[in-house]
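Visitor: Mind having a look at this structure? Questions to follow.
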Amino acid sequence: MSLTPIGDHLPESFFDNLFPERSTGEEGLAPAPDADSARLQRMIEHWPGAVFCLDAQLQCLLANREARRWCAMPADESLALPQPLHRLLPEPMMEILQPCLSAALRGMEMAQEECFEHPGLGRRSWVVRVQPDHDGAHVVGVFLHLQDTTDWNPASAQHPFPAEHSPPLDTEAQLRLLAEGLRDAAIFFLDPEGRVSDWPPSAQRLLGYTPAQMLGQSLSRFTPAADPDNSADPMTLGMERAALLGQSETPGWQRRADGSTFWANTLLTALYDTDSGQACGYACLMRDMTEVKRLVDMLQELNTALETRVEERTRQLQDINQDLEAFSYSVSHDLRAPLRHIGSFVELLREDLGPHAPAPVQRHLGTIAQAAQHMGQLIEGLLAFSKLGRSPLQRRDTAMADLLHSSLNRVQHDPALRRPEHEVHWELPPELPTVPGDALLLSQVWDNLLANALKYSRPRTPALIRIGCRLDPPVDGPAQWVFWVQDNGVGFNPQRADRLFGVFQRLHRASEFEGTGIGLALCRRIVERHGGRIWAESAPQVGSTFYFSLPALTGPH
């Protein structure tokens, strides 16, 4: 849409010719119009496009045949006049025309290109022209002309307002149109003492006060009562800051003429004469930010509620951690002591009974000792798992090759896992990378995976254990080093693989393979704390492969 002042205008006598002064005679009847007036009326009636003649109150005094079609009437029917224009034209159309009509009442001639919904033709393109009717120095009415331009051919028809020849808006007209056309905002001006000196339609729409009510008045007229804790008027403070700094922005509640309030963002700019430097007053831009204020308050309430919930959950976690600390202390001191007593008294019974004790008795004593020993291993594993979640990681660059060889040495010298060298074949990678991590914890991962590979490949001769690694490219994160330990052992059912990494979860009977079910749970906790993951692939009686990933180094090393 473009809005343009126009230079051509009708003669000041236009309305006078259409509506000559009526001097009543003795019978109180107006004389018949002369020939020139009748000729002018016929010209307006058949003028291309819709013509409305309005008075200063925007009452329609005359509407030609095309204008009557806008009122959803046949062209040959008469229209009861005068009538307010807003009753004749659709409301959306009046909202667009109102700034032009207001400008015409102040003596400005305007042109506007817009699309309107015609009652009979549907949505069409129109050129709208408004011109004031001057009676000397006064504007007594408005001439409104609507012309359909939808079907115009630019190659053959001369557009009345071609873009390349449109007269430019002067600065004053631009500012005036801006001040009048704003929605949900207002621009108005104050004198150096802070009194309203100009009150355009945008200010009236936003605040509800008419120019007669506001001109010469202080802004405190629509500013709500000040905060009891702060007696200073925020608008007064805003003007003081604007006078000192050139501009001031003040948010706060404002009051309309009907008593309702809205949250406004008010920008005051001090104005000075460019030649003399003398203060001319202030320009005030006020925006209705009530909806934004409501959303901000809602977000603050949600954040406060979330912070309260986080604090509550934090207290709950702290209580749980304290309970875990107490549990760990109890397990460490109170549960292991009875187990030690059981083991000690089993040995005493064996000594008292001597080597000639009946075989069933010796078997029962062995079962008790093994159960106590197994219970002690479970407690130690549970304590290690509990402490792992609370101890901080000691991250540093860790050479995985050194960790692997240290773990391999420990596993090969474990009495429970030792086998002759010719029964185990190891395939090691030529090199392994350096990764950021806690060396002590990562060594436990290698210990558990290598020990499991040896243990579950015990039925195989020779046992074949392969160790390898690869670098996976980044996907939604840093690149990952993937390590694996593969064996040709008994394997397991892959459908039950999700149980492997739970505490005390085992897929084989204790009579077949010893263990507590803590080792792989420890591996999962350690790898996840390093930002990686662990998983397994297997087939029964074929073997298993356990994988774990760790983030690669991202910086220069």
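The values are calculated or read from the model by the stated rules, or taken from the named source; none is laboratory data. From a predicted model like this one, the values you see are computed outputs, not experimental measurements. Cβ sites come from the backbone with ideal geometry, for glycine too, and all protein chains shown count toward neighbours. Protein only, heavy atoms only, side chains kept; ligands, DNA and RNA dropped before computing areas. Shrake-Rupley method; radii C 1.70, N 1.55, O 1.52, S 1.80 Å.
Visitor: How many of the residues in the range 211-270 are in a loop (DSSP other than H, G, I, E, B) and modelled with pLDDT of 85 or more?
Guide: The number of residues fulfilling the criteria is 9.
Visitor: May I ask you to list pairs of residues, at least six apart or on different chains, whose Cβ atoms are under 8 Å apart, with the first in the range 519-544 being more than 19 Å from ILE467 (Cβ to Cβ) and the second being outside any helix (DSSP H, G or I) and small (Gly, Ala, Ser)?
Guide: ALA521/GLY502; ALA539/GLY491; PRO540/GLY491; GLN541/GLY491
Visitor: Could you grab me the full set of residues in the range 455-475 that are assigned to a strand (DSSP E or B) and under 19 Å from PRO540 (Cα atoms)?
Guide: Matches in the range 455-475: ALA463, LEU464, ILE465, ARG466.
Visitor: Right, another one. Which pairs do you get when a residue that is farther than 20 Å from THR150 by Cβ, found in the range 112-137, comes within reach of a residue that is in a loop (DSSP other than H, G, I, E, B) and among the acidic types (Asp, Glu), reach meaning Cβ atoms under 6 angstrom, with the pair 6+ apart or on two chains?
Guide: Qualifying pairs under 6 Å: GLN131/GLU109; HIS134/GLU12.
Visitor: Take the residues in the range 477-525 that are more than 27 Å from ALA371 (Cβ to Cβ) and at pLDDT below 85; name whichever of them is least open to solvent (accessible area, probe 1.4 Å).
Guide: The selected residue is GLY491.
Visitor: I'd like to check which strands (runs of 3 or more DSSP E) are fully inside the range 75-148 and have at least 1 residues that are open to solvent by less than 30 Å² (accessible area, probe 1.4 Å) and closer than 12 Å to PHE52 by Cβ.
Guide: Filter on the range 75-148 gives 122-135, 138-148.
Visitor: Now, a different point. Within the range 318-341, which residues are open to solvent by 70 Å² or more (accessible area, probe 1.4 Å) and at pLDDT 75 or above?
Guide: GLN318, ASP319, ILE320, ARG340, HIS341
Visitor: I've got another one for you. Can you spot a residue in the range 174-184 that is more than 30 Å from VAL51 (Cα to Cα) and either assigned to a loop (DSSP other than H, G, I, E, B) or modelled with pLDDT of 65 or more (or both)?
Guide: Yes, because at least one residue in the range 174-184 is more than 30 Å from VAL51 (Cα to Cα) and either assigned to a loop (DSSP other than H, G, I, E, B) or modelled with pLDDT of 65 or more (or both).
Visitor: Restricting to the range 387-426, name every residue that is in contact (Cβ under 8 Å) with a residue 40 or more places away in the chain and either open to solvent by 70 Å² or more (accessible area, probe 1.4 Å) or part of a loop (DSSP other than H, G, I, E, B) (or both).
Guide: The answer is LYS387, ARG390, LEU393, GLN394, ARG395, ARG396, ASP397, ALA416, ARG419, HIS422, HIS425.
Visitor: Then there's this: Looking at (1) charged (D, E, K, R); (2) over 49 Å from the mean Cα position of the chain (by Cα); (3) at pLDDT 85 or above, find the lone condition where GLU45 falls short.
Guide: Here GLU45 clears every test but (3).
Visitor: Can you give me the number of residues within the range 427-454 that are outside any loop (DSSP other than H, G, I, E, B), charged (D, E, K, R) and either surrounded by 18 or more Cβ atoms within 10 Å (Cβ to Cβ) or at pLDDT below 90 (or both)?
Guide: 1
Visitor: Here's something else I'd like to know. Restricting the search to the range 454-482, which residues are touching a residue at least 60 places away in the same chain (Cβ under 8 Å), under 23 Å from ASN409 (Cα atoms) and of a type in the set (S, T, N, Q)?
Guide: Once the filter is applied, which keeps residues that are touching a residue at least 60 places away in the same chain (Cβ under 8 Å), under 23 Å from ASN409 (Cα atoms) and of a type in the set (S, T, N, Q), the range 454-482 yields only SER457.
Visitor: Is it the case that some residue within the range 299-318 is in contact (Cβ under 8 Å) with a residue 40 or more places away in the chain, of a type in the set (Val, Ile, Thr) and part of a helix (DSSP H, G or I)?
Guide: Scanning the range 299-318, I find no residue that is in contact (Cβ under 8 Å) with a residue 40 or more places away in the chain, of a type in the set (Val, Ile, Thr) and part of a helix (DSSP H, G or I), so the answer is no.
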